[in-house]
Every structure is written in structure tokens, then in C-alpha cells.
Amino acid sequence: MKITYYGHSCFGIEVDGKHLLFDPFISQNEKASHIDINAIPADYILLSHGHFDHVADVEAIAKRTNAKVVGSFEVVNWFAEKGLENNHPMNPGGNWKFDFGTVKCTAAIHSSSMPDGSYGGNPMGFHITTNRDNFYYAGDTALTLDMKLIGDYLKTDFALLPIGDNFTMGVDDAVIASDFIQCDNIIGLHYDTFGFIVVDHDEAKKKFSEKGKELTLMEIGESVER
Ligand code: NI
Ligand code: MN
């Protein structure tokens, strides 16, 4: 399994040769100007919700790679109207077995509209069970008691949680979320991109380490194997 960070909430995760890409927002992200979206592999593009900072590069990457777009019914249909017909609509609570593993759509407390203002359905996260590690990509969300269901019923080897505050939960709530989901290996997302979500990295890591957990804040463009 290989995890690559493309900035903001965008990660590429390779599982047994399949490339999953989450929430691509790169070409409009000044902090990711060194990333070439034409070099990003994708077999699946998973979208947590419709906000521009999660979907800006979907069309370009999906048209180049013919990746399957996975997201809420409304998000997927919006892209289908743009010609992305290789897609799979889902909604919170739903499971589907893909060739890389099983995706369960999880609850997220946030909002969701498409870049043109049209309705984006419910925001969600993804819990993904694979032959290797199982992981949770929370998307944009507040801390929510629903996360306890993940801890009670699913095994999570690592989790990608928002830490930037203001639009999502911040570091303190993310530490609580990691308890709810019973996971000690956290990768941060949705921080530093805009002025409202700048995070003190050392302080954030310390708050996790004080609870015996590890927060990883990846460099944009960095890959890690696990
Ligand atoms: Ni959002
Ligand atoms: Mn966002």
C-alpha cells in the first residue's frame, strides 16, 4: 500500500495495483503548484462531497484516466452530465465491494453543494476494507458520535482526519475522533491551504503523542509505503 499526498484533502492510495484518488483539488491549490495533475494515476476517484476544494480536478483526471467516479448520488450525477459515465453512486450507510476492497460510506456533518451552486447531496466519508490495511477517510466533517460506530464495528489501521478547524473539526476534536474510531495512526488533511485553517504542526503532533497516538502531516508530493 502506497499513500501519496497531493495537498489539502487529496490523497492517492495504491492498493494491490489499484489507484484510488480522493478529493482532487490540485490545479487551483497554490500550495500544490509543483504537482502535475496529468501525472497522477487513478482507477477510482472517491469524492466526499461537492465543494470545489474537493472536486476541482475530477473532470480532467477522470477524462484522462477513465477512472470510476465514486461519490454521493448527486455528486456522481453532476459529473455524469459532464460526460463522466464511468461512475458509481452511493450514499451514507451503503457498502459496495470493488476490486480493491469494500467501501462503506460513513456519516459526515458538513454541507455539500457543487461548484455551480447546485445541490450536492449529503457529505460523507469512506471506510475501506482491503486485503491489506483498512482505513478511514473522514472527508470534511465535524466530530460526530457516529464515529463510535466505526470503532465498535470496523477495524481501522490508519485514518485520514481533518484537523484544520473552522470548516471541519480541529485538532482537539480529531484526537477525540481517533478515540471514537479506535485508531492510533492518523494522517491529517484539510489544513494550511487557506488562512482559516492554518495549523501549528508541532502542537498538533504533540496533542496526539500525549495520547499515545501518532499524527503524520505529509509533505505535498510525498509518498509513504505501509
Ligand atoms: Ni467542504
Ligand atoms: Mn473542504
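Remarks
- Across the chain, Cα pairs under 8 Å and at least six residues apart give a relative contact order of 17 percent.
- Calculated mean residue ellipticity, 222 nm, the chain: -5500 deg cm²/dmol, from DSSP H runs (n ≥ 4) at -39500 (n - 2.57) each, averaged per residue and rounded to 500.
- Karplus-derived 3J(HN,Hα), 6.51/-1.76/1.60, for each residue of segment 36-43, Hz, glycine and proline x: 9, 5, 6, 9, 8, x, 7, 9
- Rough spin-label spacing in nm, given labels placed 7 Å along Cα→Cβ, for K211 and N86: 3.9 nm
- Debye intensity ratio I(q)/I(0), log10, the chain, q values 0.10, 0.13, 0.15, 0.16 Å⁻¹ (C-alpha model): -0.38, -0.67, -0.93, -1.08
- For the chain, the carbon plus sulfur part of the accessible surface works out to 46%, probe radius 1.4 Å.
- Look at the Cα gyration tensor of segment 1-89: its axes a ≥ b ≥ c give a/c of at least 1.5 with a/b at or below b/c, and that counts as oblate.
- Spin-label model, E203/D99: points 7 Å from Cα along the beta carbon direction are separated by 4.7 nm.
- Aspartates and glutamates whose Cα lies under 19 Å from that of K82, excluding same-chain neighbours fewer than 8 positions away: D23, D43, D53, D57, E59, E74, D116
- Take the chain with all the other protein chains still there, run a 1.4 Å probe, and you get 43 Å² of accessible area per residue.
- In Hz, Karplus ³J(HN,Hα) per residue of segment 142-156 (6.51, -1.76, 1.60; θ = phi - 60°; x = Gly, Pro): 6, 4, 9, 4, 3, 4, 5, 5, 5, x, 6, 10, 10, 9, 10
- Angle in degrees between helix 171-180 and the longest Cα principal axis of the chain, rounded to the nearest 10: 90 degrees
The values are calculated or read from the model by the stated rules, or taken from the named source; none is laboratory data. Computed from a predicted model, the values in this text were never measured in an experiment. All Cβ positions, even for glycine, are placed from backbone atoms using ideal geometry, and neighbour counts span all protein chains on display. Heads up: the accessible areas ignore ligands, DNA and RNA and are worked out on the full protein's heavy atoms, side chains in. Shrake-Rupley method; radii C 1.70, N 1.55, O 1.52, S 1.80 Å.
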